[in-house]
1. Could we say that Asn85 is surrounded by fewer than 16 Cβ atoms within 10 Å (Cβ to Cβ), within 16 Å of the ligand (Cβ to nearest atom) and on the phi > 0 side of the Ramachandran plot here?
2. Taking the condition over 18 Å from Gly78 (Cα atoms), in contact with a Lys or Arg (Cβ under 7 Å, 6 or more places away or on another chain) and surrounded by 13 or more Cβ atoms within 10 Å (Cβ to Cβ), does Val135 pass?
3. Contact list please: Cβ distance under 6 Å, first residue in the stretch 101-127 and without any contact (Cβ under 8 Å) to a residue 40 or more places away in the chain, second residue near the ligand (Cβ under 9 Å from one of its atoms) and among the acidic types (Asp, Glu), pairs at least six apart or on different chains.
4. Please tell me if Pro57 is within 42 Å of the chain's Cα centre (by Cα), modelled with pLDDT under 70 and farther than 21 Å from Gly161 by Cβ.
5. So, of the residues in the stretch 149-167 that are loosely packed, with under 13 Cβ neighbours inside 10 Å and away from the ligand (no atom under 16 Å from the Cβ), which turns out to be nearest to the chain's Cα centre (by Cα)?
6. Take the stretch 106-127 and flag every residue that is within 11 Å of the ligand (Cβ to nearest atom) and modelled with pLDDT of 95 or more.
Amino acid sequence: MNTTRLLIIGILIIAGVAGAFFLLQPQDRGSTDLPRLLDELQIELPPVEEPMLDPAPDPAPIPDPEPILDPEPVEMEGIVIRIFNFEFTPAEIEIKKGTTVTWLMREIDFPQGDAGFHNVAADGGEFNSKNLIRVDETWSYTFNEVGEFSYICEPHPWMIGKIIVTA
Ligand SMILES: [Cu+2]
């Protein structure tokens with residue numbers, strides 16, 4: 001047996017041992033299977049706690065709608081009809097011939113999309129105010145004829161009022 005044969009045999013033995021070692025390695029080495037890895041390492045993760053949620057509160061009772069009041073009443077001399085909350089107040093008055101009536105715009109907030117002004121338009125065409133847009137704008141008219149004068153707000157024709165003029 002010469003040196004060369006011994007060397008070859010040695011290399012073959014080394015290769016065989018190395019190959020056997022390689023083949024016997026666990027096949028999942030390097031796996032990212034975390035639960036299995038943790039199980040192998042016997043590590044327990046703390047349980048995930050559900051956040052504590054308050055039970056849904058009972059819905060608050062819906063209060064009865066309260067009448068909306070003009071938040072900043074304005075004192076004015078003479079006969080004043082306030083325009084607020086889409087109403088003329090008072091809606092009907094009786095006055096003496098020659099009396100001047102003033103309409104006072106007090107609509108604080110028009111709903112979005114609504115026509116953003118009120119006016120005073122007689123059904124019979126006797127008078128038609130300017131557009132009352134700004135809060136505290138006024139428009140006045142003197143009634144020199146006896147009669148009943150119904151009127152509306154043209155952008156909101158359900159707003160109605162009446163002036164009764166007596167001698
Ligand atoms: Cu109006």
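1. Working: surrounded by fewer than 16 Cβ atoms within 10 Å (Cβ to Cβ): yes; within 16 Å of the ligand (Cβ to nearest atom): yes; on the phi > 0 side of the Ramachandran plot: yes.
So Asn85 fits the description; yes.
2. Spelling it out, Val135 is indeed over 18 Å from Gly78 (Cα atoms), in contact with a Lys or Arg (Cβ under 7 Å, 6 or more places away or on another chain) and surrounded by 13 or more Cβ atoms within 10 Å (Cβ to Cβ).
3. From residues that are without any contact (Cβ under 8 Å) to a residue 40 or more places away in the chain, the pairs are Asn119/Glu154; Ala121/Glu154.
4. On the way: within 42 Å of the chain's Cα centre (by Cα): yes; modelled with pLDDT under 70: yes; farther than 21 Å from Gly161 by Cβ: yes.
For Pro57, the condition - within 42 Å of the chain's Cα centre (by Cα), modelled with pLDDT under 70 and farther than 21 Å from Gly161 by Cβ - is met.
5. It comes out as Thr166.
6. His118, Asn119, Val120, Ala121
The values are calculated or read from the model by the stated rules, or taken from the named source; none is laboratory data. Because the structure is a prediction, the values reported are computed rather than measured. Note that each Cβ is placed from the backbone with ideal geometry, even for glycine, and that neighbours are counted across all protein chains shown.
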